[in-house]
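Below is one structure, written out as structure tokens; the observations come after it.
The values are calculated or read from the model by the stated rules, or taken from the named source; none is laboratory data. Computed from a predicted model, the values in this text were never measured in an experiment. Because the Cβ atoms are built from the backbone with ideal geometry, glycine has one as well, and the counts that use them run over all protein chains shown. Note: areas computed on protein heavy atoms with side chains; ligands, DNA, RNA excluded. Shrake-Rupley method; radii C 1.70, N 1.55, O 1.52, S 1.80 Å.
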Amino acid sequence: MVVGDGKRVQAQAGFSSGSDLRFNVEIDGSDSLRLVTPKGTQGFHIPAGDVTTVIGDALFTLIAGAKPYLSEVDPPSGAAPMQFQFIRGSTTLVSSVELPAPFKITSPASGTTLAITARTLPVRLTATAPATKHETTTFNCTDVNGNTASGTPGLKVVPGSASADSTGVSYSLDIGAAVDGLSFSTTHPRGAVARCDVVLRAIVEAQGQADPQFESAQIFAQQIRSVSFAMR
């Protein structure tokens with residue numbers, strides 16, 4: 001995959017064999033892996049340290065067996081085609097994907113405070129290219145009596161709220177239903193929700209084309225942006 005978080009862009013690759021879906025294959029011998037970007041060709045390395053060197057979480061469930069190979073990419077100003085090339089002898093397997101153009105979340109603004117009674121969350125992205133768009137959220141909430149709840153509920157788009165123009169897309173998310181679905185502790189008598197601290201992550205994703213000589217492979221690219229706000 002190729003992933004950008006607004007600060008860095010990183011190509012990530014991992015290999016596995018057999019029934020173990022984790023990365024359990026090491027590139028060795030004369031085999032090699034390289035990345036072709038609009039600015040040229042570069043190699044990969046295995047990251048030092050822990051998994052925090054890896055941008056995003058799309059591969060986190062797979063890296064328990066081994067760390068992925070990484071290649072840091074100079075962030076492009078627009079959409080950018082990328083190629084993963086696996087070379088073995090005279091054979092080159094080419095998998096291609098286009099990293100979506102960078103975008104911003106202009107609504108909600110980071111640091112915004114919304115009413116705890118709000119049922120919908122207006123969202124505005126500057127993303128315009130055709131791609132799959134979805135969100136993830138993290139909630140940390142407290143009720144008036146001190147009970148707490150946390151979770152990562154999915155937020156559904158409010159029917160009929162989506163629109164697009166030449167500068168981006170707008171839609172509303174059903175944040176009320178997400179708060180209603182949280183499970184609170186019961187240390188104290190249950191009360192009305194008083195505050196929620198929320199992190200919203202918007203993801204624009206494009207699927208690529210894996211080389212058919214791989215028995216099974218997936219290639220995709222993501223631009224991920226996040227904002228934090230409060231409800232009280």
Quiz prompt | Entirely in segment 66-170, the strands (runs of 3 or more DSSP E) that have 3 or more residues that are within 30 Å of Gln42 (Cα to Cα) and either open to solvent by less than 50 Å² (accessible area, probe 1.4 Å) or at pLDDT 95 or above (or both) | solution = 69-73, 80-88, 91-99
Quiz prompt | Test for Ser150: is it more than 23 Å from Arg8 (Cα to Cα) and over 21 Å from the mean Cα position of the chain (by Cα) | solution = no
Self-check item: Residues (of a type outside the set (D, E, K, R) and open to solvent by 100 Å² or more (accessible area, probe 1.4 Å)) located in segment 212-232
Solution: Pro212, Gln213, Ser216, Gln218
Exercise. Scan segment 175-192 residue by residue and report those that are open to solvent by less than 70 Å² (accessible area, probe 1.4 Å) and either over 25 Å from the mean Cα position of the chain (by Cα) or under 13 Å from Ala118 (Cβ atoms) (or both).
Key: Ile175, Gly176, Ala177, Ala178, Val179, Phe184, Ser185, Gly191, Ala192
Practice problem: Please work out if Arg195 is closer than 30 Å to Ala11 by Cβ, of a type in the set (Lys, Arg), in contact with a strand residue (DSSP E or B) (Cβ under 8 Å, 6 or more places away or on another chain) and open to solvent by 30 Å² or more (accessible area, probe 1.4 Å). | Solution: no
Quiz prompt | Test result for Thr52, open to solvent by 50 Å² or more (accessible area, probe 1.4 Å) and at pLDDT below 95 | solution = yes
Exercise. Would you check if Ile203 is buried (at least 18 other Cβ atoms within 10 Å of the Cβ), touching a Gly at 6+ places or on another chain (Cβ under 7 Å), assigned to a strand (DSSP E or B) and β-branched (Val, Ile, Thr)?
Key: no
